[in-house]
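The values are calculated or read from the model by the stated rules, or taken from the named source; none is laboratory data. Values in this document were obtained by computation on a predicted structure and should not be read as measured data. Reconstructed Cβ throughout: ideal geometry from the backbone, glycine too, with neighbour counts over all protein chains shown. Ligands, DNA and RNA are excluded from the accessible area calculation, which covers all protein heavy atoms including side chains. Shrake-Rupley method; radii C 1.70, N 1.55, O 1.52, S 1.80 Å.
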Amino acid sequence: MGKKIAVLPGDGIGPEITAQAVRVVEALGLGIGMAEAPVGGAGYDAAGDPLPAETFKLCEASDAILFGAVGGPKYDTLPRPQRPEQGLLRLRKHFDLYANLRPAIVYPELAHASSLKAEVVAGLDLLILRELTGDIYFGQPRGVRTNEKGEREGFDTMRYTEGEIRRIAKTAFEAARKRSRRVCSVDKANVLETTQFWRDVVTEVHKDYADVELSHMYVDNAAMQLVRNPKQFDVIVTGNMFGDILSDEASMLTGSIGMLPSASLNAMGFGMYEPIHGSAPDIAGKGVANPLATILSAAMLMRYSLGQEAAACRIEAAVRKVLAQGYRTADITEPGCRQVGTVAMGDAVLAAL
Ligand code: NAD
């Protein structure tokens, strides 16, 4: 049966950038079906719901979701259940998208955009894998209470089940097999019981992946190593909170938010693929947004949900080629480059395919 992608452009620059990714997927000539539906603010405008029933049905009937971005000033005062980001959160929850994959790649041509020295980051190709559904962000009990001394105190619960750790560890080892076969698990096992348990379970799961090298690192050291020598890493796997922080740190190593794709996967390989940036209301409708993060998200979709490794590599090679040819959108512009808008960047990628 033919594969199907649900395309949810969302708000702001979302429709502009997803349109370019759709053209790229069509140009692969693989007969992949694609259908669009509104989400976020667009969903609210169309049906009074950031995740309208029709959109939800389309996702259920698809093999993967290509997501643009949601949000905008127009929706900031809506009650929480109607806010654009609820569309995203409900999709994550419903499909149990527990594994968040964020590659941080520095193309040689863009190494100057990083705040670090070019030689430290040029050629960086790192994948951060963040557990997305557990940890202190969701653990119960939590709250603010008055303690026995009559003083107010806040508290949260860090918690991970063995099953949750096993599945993210497996995802890490499987992902490493498609890369340089090295996994670094990041924890704070010297202080936190939950993360000592994390380390033990990851080590157990590793027994099934003898072809992949496993190392462990404390999170404070990992934060330091990411800016000292980021190229030492291949795959970093970590929990929800540490992953939240380290993935943002890693994305800034590249210096170009318009270049970074992401994937959120469940145990069946179903996934939602989206650029890491938001809906950029400041440039929406101007035709200047960088579509490459979304195009690279489509490449991840090919690799992780459709099993089309060759197609993924073709898209990634085309992106490398347009950068080498000097094409740049405004966010990554530099003297002497060929500055183009969103559609012309899409054209260049199509030509390079
Ligand atoms: P943002 O990522 O939208 O924009 C930050 C800056 O980066 C802006 O100056 C923007 O113009 C620029 N930028 C972002 N993507 C770009 C691209 N592809 N090409 C060129 N420049 C780009 O973050 P923000 O301004 O904090 O948030 C704007 C809206 O997006 C808010 O409503 C926020 O809630 C929402 N948001 C959504 C998501 C998501 O849908 N996953 C993620 C983050 C923020």
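Across the alpha-carbon atoms of the range 295-353, the computed radius of gyration and Dmax are 12.3, 39 angstrom. In percent, rounded to a whole number, the relative contact order of the range 200-284 is 16, using alpha-carbon pairs under 8 Å and six or more apart.
For the range 129-166, list residues with backbone N below 12 Å from a point placed 7 Å from the Cα of LEU192 toward its Cβ? Under 12 Å, as judged by backbone N against the label point of LEU192, lie 131, 134-139, 156-160 of the range 129-166. Over the range 93-162, all Cα pairs binned in 5 Å intervals from 0 give whole-percent P(r) values of 3, 14, 12, 12, 10, 9, 11, 12, 8, 5, 3, 1, listed from short to long.
Under the definition of Cα pairs under 8 Å and six or more residues apart, what whole-number percent is the relative contact order of the chain?
21
Annotation for the range 175-214 versus the range 4-71: alpha-carbon center distance of 35 Å.
Taking every Cα-Cα distance in the chain and sorting them into 20 Å bins from zero, the calculated P(r) comes out as 29, 58, 12, 0 percent. Result for the chain in a Gaussian network model with C-alpha springs under 10 Å: among VAL343, VAL235, VAL319, the largest mean-square fluctuation is at VAL343. Ordered from highest to lowest accessible area with the whole protein assembly present and a 1.4 Å probe, CYS337, CYS59 read as CYS337, CYS59. Under 1.5 on a/c is rounded, so check that first for the range 243-353, then, if it is not, pick prolate when a/b is larger than b/c and oblate when it is not; a ≥ b ≥ c are the square roots of the alpha carbon gyration tensor eigenvalues. Oblate shape, in that a/c is at least 1.5 and b/c is the bigger or equal ratio.
Decide, for the range 73-125, between rounded, prolate and oblate: order the square roots of the alpha carbon gyration tensor eigenvalues as a ≥ b ≥ c, take rounded if a/c falls under 1.5, and otherwise choose prolate if a/b is larger than b/c, else oblate. Verdict is oblate for the range 73-125.
Could you work out the equivalent-ellipsoid semi-axes for the range 1-149, taking the square root of 5 times each eigenvalue of the Cα gyration tensor, largest first, in whole Å?
29, 27, 17
Which value at 222 nm does the chain reach when only helices count, each DSSP H run of 4 or more adding -39,500 (n - 2.57), with the total divided by all residues and rounded to the nearest 500 deg cm²/dmol? Numbers along the way, then the final one.
Numbers: 12 runs with 139 residues, N = 353.
My calculation for the chain gives -12000 deg cm²/dmol from helical runs alone.
By how many nm would the segment from GLU162 to VAL144 lengthen if fully extended, with 0.36 nm per residue of separation less the alpha-carbon distance? All intermediate terms of the calculation are to be shown ahead of the outcome.
Values: separation 18, 0.36 × 18 = 6.48 nm, distance 2.80 nm.
This chain segment gains 3.7 nm when fully extended.
Pull out a ≥ b ≥ c, the square roots of the eigenvalues of the alpha-carbon gyration tensor of the range 249-289, then state rounded if a/c is under 1.5, prolate if not and a/b is larger than b/c, and oblate in the remaining case. It comes out oblate by the Cα gyration axes. Volume per residue of the convex hull around the Cα atoms, evaluated for the range 172-295, comes out as 133 Å³.
Mind putting a number on the dipole of the range 144-296 about its Cα centre? Charges go on the C-beta only, +1 for Lys and Arg and -1 for Asp and Glu, and I need it in Debye to the nearest 20. Intermediate results must be reported in sequence, preceding the final value.
Working: 18 positive and 21 negative charges, 89 e Å.
Value, rounded to 20: 420 debye.
Rounded to the nearest whole Hz, the Karplus-based 3J(HN,Hα) values (6.51 cos²θ - 1.76 cosθ + 1.60, θ = phi - 60°) of the range 117-127 follow the sequence 4, 3, 5, 6, 10, 4, x, 4, 8, 10, 10, with x at glycine and proline. Using R0 = 45 Å, the C-beta based FRET efficiency linking ARG338 and LYS74 works out to 0.85. Of all DSSP beta bridges confined to the chain, the antiparallel ones make up roughly 40%. Once both labels are positioned 7 Å from their Cα atoms along Cα-to-Cβ, the gap between LYS117 and LYS207 label points is 4.5 nm.
Applying the criteria of a DSSP loop state and at most 11 other Cβ atoms within 10 Å to the trypsin sites (Lys or Arg not before Pro) of the range 115-179 yields LYS117, LYS149. Comparing the range 1-54 with the 2.2 N^0.38 Å rule of thumb, its C-alpha radius of gyration ratio is 1.24 (two decimals).
Here is the link list: LYS117/LYS188; LYS57/LYS286; LYS170/LYS207; LYS178/LYS207; LYS117/LYS178. Which ones come out longer than 21 Å on Cα distance? Spell out each step's value before the answer.
Working: LYS117/LYS188 29 Å; LYS57/LYS286 32 Å; LYS170/LYS207 11 Å; LYS178/LYS207 18 Å; LYS117/LYS178 28 Å.
Cα-Cα > 21 Å for LYS117/LYS188; LYS57/LYS286; LYS117/LYS178; rest within.
Expressed as a fraction of 2.2 N^0.38 Å, the value expected for a compact globular protein of N residues, the C-alpha radius of gyration of the range 115-217 is 1.39.
With an 8 Å cut-off on Cα pairs and a minimum separation of 6 or more residues, tell me the relative contact order of the range 1-118 in percent. Normalised by residue count, the contact order of the range 1-118 is 30 percent.
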